[in-house]
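These notes are about the structure you will find just below.
The values are calculated or read from the model by the stated rules, or taken from the named source; none is laboratory data. Since the structure is predicted, the reported quantities are computational estimates derived from the model, not experimental observations. All Cβ positions, even for glycine, are placed from backbone atoms using ideal geometry, and neighbour counts span all protein chains on display.
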């Protein structure tokens, strides 16, 4: 199969031909239709996770993706052949990533998550969600905002920012987002109550003037 991988930490990623993986007990074999890119990929290539989890070489990059289940290993029962799944394909080893034609992954990943693609959601969008959403949920929990409070989201037009805007709005939080003027209507469509053009004035100061006492 084709895969984008590195032979050693710090190497330039390159296209390789590697053996097709085989799903062992409790695992599923997924033919990847689409994979998304996020900062974890280059961090893995540089060895950022080398001390916290086992790494396998050639180290195939990619954490997020979506694809069809092609085969199931012994004892695996969450998914059936033909199911369209997505998630953060991060198991107990870094190096068996989604930048490949196929990946064998535990049906209940120890560090990531694997689920059926919701009805009507395009695989490309599903593949872009996992790491970004986990990042947002962790940040919102850390911030501890409650319904009725205001939250300033910096860089709201990025992948994490767009999800943060939507999830915060759904939680009853007033969202003030920084964005260029031409993106104002677009990000308000995701639930931002107001936007601040960061090219014209500092975001935090503008937010304090708008909602004093609520940030």
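Report, by residue number, each residue of segment 149-162 that is crowded, with 21+ Cβ neighbours inside 10 Å and in contact (Cβ under 8 Å) with a residue 60 or more places away in the chain.
If the condition is that a residue be crowded, with 21+ Cβ neighbours inside 10 Å and in contact (Cβ under 8 Å) with a residue 60 or more places away in the chain, then 151 is the only one that fits.
I'm trying to understand the selection: among the residues of segment 106-124, which are under 15 Å from residue 37 (Cα atoms) and surrounded by 14 or more Cβ atoms within 10 Å (Cβ to Cβ)?
Passing the criteria: only 123.
Filter segment 65-77 down to the residues that are touching a strand residue (DSSP E or B) at 6+ places or on another chain (Cβ under 8 Å) and within 14 Å of residue 26 (Cβ to Cβ) and list them by number.
Once the filter is applied, which keeps residues that are touching a strand residue (DSSP E or B) at 6+ places or on another chain (Cβ under 8 Å) and within 14 Å of residue 26 (Cβ to Cβ), segment 65-77 yields 69, 71, 72, 73, 76.
Restricting the search to segment 5-34, which residues are assigned to a strand (DSSP E or B), crowded, with 20+ Cβ neighbours inside 10 Å and out of contact with any helix residue (DSSP H, G or I) (no Cβ under 6 Å at 6 or more places or on another chain)?
Listed by number, the residues that qualify are 5, 27, 28, 29, 30, 32.
Scan segment 82-91 and tell me whether some residue there is touching a strand residue (DSSP E or B) at 6+ places or on another chain (Cβ under 8 Å) and over 25 Å from residue 132 (Cβ atoms).
The answer is yes; a qualifying residue exists.
Just to check your reading of the model, which residue among 165, 135 is touching a strand residue (DSSP E or B) at 6+ places or on another chain (Cβ under 6 Å), without any contact (Cβ under 8 Å) to a residue 40 or more places away in the chain and surrounded by 13 or more Cβ atoms within 10 Å (Cβ to Cβ)?
Working: 135 fails: touching a strand residue (DSSP E or B) at 6+ places or on another chain (Cβ under 6 Å).
Within the list 165, 135, the selection yields 165.
Condition check: closer than 23 Å to residue 82 by Cβ and either outside the structural domain of residue 32 (by TED's automatic domain parsing) or free of Cβ contacts under 8 Å to residues at least 24 places away in the same chain (or both). Does residue 122 satisfy that?
yes
Which one of the conditions (1) modelled with pLDDT under 95; (2) surrounded by fewer than 22 Cβ atoms within 10 Å (Cβ to Cβ); (3) touching a strand residue (DSSP E or B) at 6+ places or on another chain (Cβ under 9 Å) does residue 51 fail to meet, given that it meets all the rest?
(3) is the only condition that residue 51 fails.
Determine whether residue 146 is surrounded by fewer than 16 Cβ atoms within 10 Å (Cβ to Cβ) and at pLDDT 90 or above.
Yes: the conditions hold for residue 146.
Go through segment 171-192 and report how many residues are touching a residue at least 24 places away in the same chain (Cβ under 8 Å), surrounded by 14 or more Cβ atoms within 10 Å (Cβ to Cβ) and assigned to a loop (DSSP other than H, G, I, E, B).
5
Taking only segment 84-113 into account, find how many residues are within 13 Å of the chain's Cα centre (by Cα) and at positive phi.
Residues in segment 84-113 being within 13 Å of the chain's Cα centre (by Cα) and at positive phi: 1 in total.
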